[in-house]
Structures are given as C-alpha cells and as structure tokens.
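Report on one structure; see the data block that follows.
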Amino acid sequence: MATSCFVSDELPPDQKAWEYTFPSQVGLDNQQLTVLDELIKGQNYGQIDGLVIIKDDQLVFENYYNGDNRQTLHQLGRSTCAVAVLTLGKLIEDGYISDLDVPIFNFLPEYQTIFDAEPDKKAITFRHILNNRMGIPWNEYTVNVEASTSHVLQMKLESDWARHIISRKLEAPPGLRLVLNSGSAILLSKVFSNILQDQTLEEYIKTNLFDPIGISSYEWAYDPSGTLDLFSGLSLSVLDFTRIGYLMQQEGRWSDRRRVINRDWVLDATLPSVDFINSFNFGYYWWVFTDDFADFYLSRNQTYMMNGFIGQNLYVSPDNNLVVCVMGENYFNDLIYSPSLEIYRQTLIALNAVPDTP
C-alpha cells in the first residue's frame, strides 16, 4: 500500500502514536508518493527496506520492501548516536552531569594511566566530544576503504573500544581541530555506565527514553568488554526509529504532550554549532543542513538529519512539521548525494516545498 494502510478510528496495538490520514489531507501529493513508492519497489534507489512519513502529527505513508514488515529490526549504524545525545541530555537533567564543560576524565578512573601519560587529554570535555574537537585523530568510514585506514574497524578488533579511542595519541589540543568522530559515543557510553550505580545504562535508556515513547522491541550490541555500543549498536524497527525523530520534532514532548526530554536540550542538539562543509554543519551528532545546500537541493526550510552511513536516515523538518524515516542499505561514502537523501527530497517535492529539478 503506497499510502496509509487504512483510515479508521481503530489503531493497531503496535502503532498508537499517530492517527492515520491520506497524504492529500496534509498537503502532500498522493500521486507523487505513489510514483515514489513504485520507484523504490523497482530499486531505483538501491535497497530501501522501509519508508515512514509523519506530517502534521499524522502518519501519512508507511511501507516496507524486500520482505520486511513493521516488526523487522534494522541496525541503525551511526544513527544510534541519536540515542546517545538524548541520554546525555537526560543525565544532565537528572543531575548526574553538571554541564557540557566538565572534563570526561573525572568519570573514567579505569583509564587514569592513559590520562596521566598525556595530561592534555584531561582537558577533553563533553562539549569537545559533541563538537568533534577532542583532538584525537579518527577516520570512522568503514565502506569502500581499506581496513587499515578505518579507525572504526581497528577499534572493533580490540576488546575495550573506549580504551582504544582514548589511547590514541593527540594530534591537537582539545577544542582546536575539527575531526569527525562519532565513535566517541563509545566514550560517552563508558562514562554513562560509570555514573549509573543502581542500574545499567540499558535499563536507564529503557526507563527514561524508550518506555515513554512506546519503543518496546529492540536489540543492543555491546563491545567485548561489556560496554553498550552507543555508536552503532542499536537495532530498531523503521516505525520505532521514526519515534525518535518525532520526539525531536516535538522538541522533547511525546504525542500525549508528556515531557520526555528537556526542550532546551533538543534545540541545542540541533543547532549548527560547528561548521563542517558547505552542505552540512554539526549539531550534537546531528547533521544540520546549511543554507547553501538548502538553496541548491532542498529548500530553505530547516532540516536536520541523523545518518547511519548506509542509508539508515532520519530527517526532521520543524518548519514543515515533517518527519521522514528512510531505512536504506546502500554502501556508499557520499553523504550528500545518497539514495536516502533523494527519497527525502522527493517527499519535499510531493509537498511542493522544492522544485522538481535542483
């Protein structure tokens, strides 16, 4: 079915977050989405396993491909970092961490010898991690690169991934040099686990994030030392991945208006705090589209994105009251011209938010 599965007062038990409606009821072109659906089925965008569109707080498109369904779990890859960001915000709100400028070494006693060997590392703060300015060299790409050049692949050969990251010799003082390092979410995971004395990090996330927004089916991976993989280790269904985007779009409230995450934290996380390239800036692990890229490709409406590197992408456009979740499995390194991003652009075309040709 190209649009809503059905329109009814009855909602299935695994989908109670949104009412159904037809795309045309919220300004989307039904025919345009039908064409998009057929193109996905024809693998014109490579392998796409699911697409969910939420517009004006209603579910207007939900479809699955390649034998998948609503219950199928998918590895999120780097998009797991969305949960790392929300967890950090919640820990700050709960008083476990005072602010982003606290040095992380205060929470990592097991690595004290590493910090003592390079004292400048003691200056690394939570803000440095979120802004990709730890000063540690890193190449996190794993697709179409030699294993010897991917620090992620090297890390995953080790027993303690957080130790591997913090052991790398500094190439610049913390705060000085911008180096993409989403693997740093493993360091956050180690810190969070050390902070939480009375429950595990997985339990904390379940209680404070997943339960309030209705995520009950998921799988977590751990590194060999037992650290929760907040970098790439979460598997969710497409619909549940969409819930995270909707929580962000609602500025931390859920569909019943309950506050889940502090509003200021959500806004801070999605502000362009660090210039990266012409097309994207960084928020806190979120990519924020720049005006240059928006003019060329998308429109000037604000959009931010969580990217799993093979197309497990979540797009949030607050200006359009729009959340688009694309579950792709396309192995590429081009962040800009990707099949999942093109599907998002086609959604905006259906909304008449951008011209048909960039």
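The values are calculated or read from the model by the stated rules, or taken from the named source; none is laboratory data. If you're wondering where the values come from, they're calculated on a predicted model, not measured in any experiment. Note that each Cβ is placed from the backbone with ideal geometry, even for glycine, and that neighbours are counted across all protein chains shown.
What about Lys90, is it charged (D, E, K, R) and in contact with a Leu (Cβ under 8 Å, 6 or more places away or on another chain)? Criteria met by Lys90. When you scan segment 269-309, how many residues do you find that are within 19 Å of Gly77 (Cα to Cα), modelled with pLDDT of 90 or more and either part of a loop (DSSP other than H, G, I, E, B) or of a type outside the set (A, V, I, L, M) (or both)? Qualifying residue count, segment 269-309: 8. So is Arg133 basic (Lys, Arg), surrounded by 16 or more Cβ atoms within 10 Å (Cβ to Cβ) and over 25 Å from Ser255 (Cβ atoms) or not? Yes, satisfied.
A single entry from Leu59, Leu39, Leu100 fulfils the requirement of being in contact with a Lys or Arg (Cβ under 6 Å, 6 or more places away or on another chain) and either under 13 Å from Phe241 (Cβ atoms) or aliphatic (A, V, I, L, M) (or both): Leu100. Of all residue pairs spaced 6 or more apart or on separate chains, those with beta-carbon atoms under 6 Å, a first member in segment 47-58 that is within 18 Å of Ser338 (Cα to Cα) and a second member that is buried (at least 24 other Cβ atoms within 10 Å of the Cβ) and of a type in the set (Gly, Ala, Ser) are Ile48/Gly328. Screening Val266, Val260 for residues that are farther than 30 Å from Leu157 by Cα, touching an Asp or Glu at 6+ places or on another chain (Cβ under 7 Å), modelled with pLDDT of 95 or more and buried (at least 16 other Cβ atoms within 10 Å of the Cβ) leaves exactly one candidate, Val266.
So that you can scan it fast, the table gives a plain yes or no per residue for (1) aliphatic (A, V, I, L, M); (2) assigned to a loop (DSSP other than H, G, I, E, B); (3) surrounded by fewer than 16 Cβ atoms within 10 Å (Cβ to Cβ); (4) free of Cβ contacts under 8 Å to residues at least 24 places away in the same chain:
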site	(1), (2), (3), (4)
Ser79	no, no, no, no
Val85	yes, no, no, no
Ile92	yes, no, no, no
Leu100	yes, yes, no, no
Asn106	no, no, yes, yes
Gln112	no, no, yes, yes
